[in-house]
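Undergrad: Structure below; questions to follow.
The values are calculated or read from the model by the stated rules, or taken from the named source; none is laboratory data. No experiment lies behind these values; they were computed from the predicted model shown. When we count neighbours, we look across all protein chains shown, and the Cβ atoms used for this are built from the backbone with ideal geometry, even at glycine.
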Amino acid sequence: MSASDLGIERLFSLTGKVALVTGGSRGIGYMISQGLLQAGARVYITARNAKACEEAAQSLSAYGECQAIPADITQAAGLQSLCEQICGREPALHILVNNAGAAWGDRFETYPDSAFDKLMSVNVKAVFSLTQALTPLLEATALAAGDPGRVINIGSMDGLHIPTVTGVGTYAYTASKAAVHHLTRHLAVELGHRNITVNAIAPGFFPSKMTDQLFTHHLGDIEHNSLLGRAGQDEEMAGIAIYLSARAGAYTHGAVIPVDGGTSINWRHSSASSKT
């Protein structure tokens, strides 16, 4: 094998690839979308808020070809509409990033059943349903052993450890993200023989609208609990998504990859909790 075969362009370029990122209008979804665009992919983003989705796509278009398809994928009609629009525009889909999610924190004594209903629907069921619906489109790209279709699920470090805070917690959130990790492995077993890789990213603390309050009130805790002494940065989330989408990550399958500065193995005590 010549040195040129291991060049950066071959390993990490996404030129000619088509990606769909759910929850792509903000936070981690926006970071990933920008990274995929700058690596050469064409990217569709979806979110429930049509205005926010359109505005984000317009902003992201500074980095490449990005289009918005607003949809509520927790509803059958919304998911069907999204899939129909993608299938109508593209003969194949190379990358599916299941990022859309929700969080809920409350005291143990008052934590509602409705939190579990909502978060299991948004964070888990929608991941399965969208992957199931788009598998034929992902299979259409999986033509070579070195270039499989890709599914990337966004879990959380909170699905890897139990926060040591008592009284107030994100019980449905942590349970749903652990479920995402396990679902990722199960889907990997199902889809591997179809030449589609399935992996999960387990982010720690990254700045976003969802984590604004945590960064405002608990930045010290966040830094204290990270083995690197800081929160995550945009390029670190984009980088792992590019790796999993590119030739470099074609043999990574069924993995749950923490991107949390070591927080999940170093959790001491904090009133903060990670969220995507």
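Undergrad: Name the residue that is surrounded by the fewest Cβ atoms within 10 Å (Cβ to Cβ), counting only residues in the stretch 1-29 that are in contact (Cβ under 8 Å) with a residue 60 or more places away in the chain and in a helix (DSSP H, G or I).
TA: Only one residue tops the list, namely Arg10.
Undergrad: Select from the stretch 136-164 the residues that are part of a loop (DSSP other than H, G, I, E, B), farther than 24 Å from Ala238 by Cα and modelled with pLDDT under 90 and list them in ascending order.
TA: Answer for the stretch 136-164, where residues must be part of a loop (DSSP other than H, G, I, E, B), farther than 24 Å from Ala238 by Cα and modelled with pLDDT under 90: Leu143, Ala145, Ile162, Pro163, Thr164.
Undergrad: Which numbered condition trips up Gly101, out of (1) in a loop (DSSP other than H, G, I, E, B); (2) farther than 28 Å from Arg48 by Cα?
TA: (2)
Undergrad: Report the residue count in the stretch 194-253 for those that are free of Cβ contacts under 8 Å to residues at least 60 places away in the same chain, surrounded by fewer than 16 Cβ atoms within 10 Å (Cβ to Cβ) and either assigned to a helix (DSSP H, G or I) or within 13 Å of the chain's Cα centre (by Cα) (or both).
TA: Selection size over the stretch 194-253: 10.
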